[in-house]
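Chemist: Quick one: the structure is below, and I'll ask about it shortly.
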């Protein structure tokens, strides 16, 4: 019963392009970054200025300090509206800031009487319209892909990339769409491009791991899954991405290491109890371990969570066969 087992990867409706909050991708992947420089009135770099990034419509807050050259960098910021402030020795400057997935740059000049910049009402309205337009295009791309209209979906994601060329999630979704087309060469190119514009995007490595598993390139799959796990901050037994842990379980399954696969899947379901493919694979793992009642329950859960999923028919058949063992 050994073989490659990868569920259909639905394209993520990724709000992250511009602050949507409807993504199903791992939260760790949905973050933006801001960099900049702090100088004084003579345009000399300011070291040790306190940089505060405070969410205006929530309670998230990030702090860092400028380095010797005046530069600063903050990553891992959830998209949204923020105020960014630089201050040192009683001098302070702040700006409104909209975090998306592309890298933002904000530069400060600390001097007496320094004040934050304000957008005009007209500029703010244009910015909102731009964000809304890109967000709509991204959602349309995901909907088209999930409807099987792959070429149209890819075209939509590329429209977003024209305006946001550093949108790693756009490339991830293009890669996922090519995966659905079974065009693995184009899928790999898209995932690699996602990594080039967003090196810490775990979803891109997860996509490559899934693709390599599908192609039975298990060594490459293991390398990509390990990188995704590192970026998402987890391995079996700890926090992390359910997709990453699932991919690691598939690798263990392909290696006939059912105990390790069970460990990864248990961790994946701890992160996301409704991760359907983890329930299905766990059912198969438990079958191999001779744990029939437990296997039956996993297949039953899969059918409830994903009644139209790619493995629903097999899960139902397995459950019907095993339900006699449930006490």
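Chemist: Efficiency by 1/(1 + (r/R0)^6): what FRET value for residue 81 and residue 257, r their Cβ-Cβ distance, R0 = 51 Å, to the nearest 0.05?
Modeler: Details: r = 47 Å, r/R0 = 0.91.
That gives a FRET efficiency of 0.65.
Chemist: Applying 1/(1 + (r/R0)^6) with R0 = 51 Å to the Cβ-Cβ distance of residue 89 and residue 130, what FRET efficiency is obtained, to the nearest 0.05? Please list the in-between numbers first.
Modeler: Working: r = 37 Å, r/R0 = 0.73.
With a Förster radius of 51 Å, E is 0.85.
Chemist: Then there's this: What's the extension gain from residue 325 to residue 162 if we count 0.36 nm per residue and subtract their Cα-Cα distance? Present the calculation step by step, with values, prior to reporting the outcome.
Modeler: Numbers: separation 163, 0.36 × 163 = 58.68 nm, distance 5.62 nm.
Residue separation times 0.36 nm, minus the Cα-Cα distance, leaves 53.1 nm.
Chemist: Going by how many other Cβ atoms sit within 10 Å of their own, how do 275, 264 line up, fewest first?
Modeler: Values: 275 24, 264 30.
Ordered from fewest to most neighbouring Cβ atoms within 10 Å, 275, 264 come out as 275, 264.
Chemist: A further question follows. Taking a point 7 angstrom from the Cα of residue 313 along the C-beta vector, which residues in the stretch 259-291 have backbone N less than 19 Å away?
Modeler: 277, 280-281, 284
Chemist: Between residue 54 and residue 274, take the C-beta separation as r, use R0 = 25 Å, and let me know the FRET efficiency to the nearest 0.05.
Modeler: Values: r = 33 Å, r/R0 = 1.32.
The formula returns an efficiency of 0.15 here.
Chemist: Under the rule a/c < 1.5 gives rounded, and otherwise a/b versus b/c splits prolate from oblate, where does the stretch 31-118 land using the Cα gyration tensor?
Modeler: Working: a/c = 2.02, a/b = 1.58, b/c = 1.28.
Judged from the Cα gyration tensor, the stretch 31-118 comes out prolate (a/c at least 1.5, a/b above b/c).
Chemist: What does the extension gain come out to for residue 196 and residue 73, with contour length at 0.36 nm per residue minus their alpha carbon separation? Mind showing how you got there, number by number?
Modeler: Details: separation 123, 0.36 × 123 = 44.28 nm, distance 1.84 nm.
Extending this stretch completely gives an extra 42.4 nm.
Chemist: Roughly how many nanometres apart are two label points built 7 Å out from the Cα toward the Cβ at residue 65 and residue 183?
Modeler: Modelled inter-label distance: 5.1 nm.
Chemist: In percent, what relative contact order does the stretch 31-118 have, based on Cα pairs under 8 Å that are 6 or more apart in sequence? Mind showing how you got there, number by number?
Modeler: Working: 227 pairs, mean separation 31.6, N = 88.
Answer for the stretch 31-118 is 36 percent.
Each reported figure results from applying straightforward, stated rules to the coordinates on display, with no laboratory input. What you see is a predicted model, and the numbers here were worked out from it, not measured in a lab. Virtual Cβ from ideal backbone geometry, glycine too; neighbours counted across all protein chains shown.
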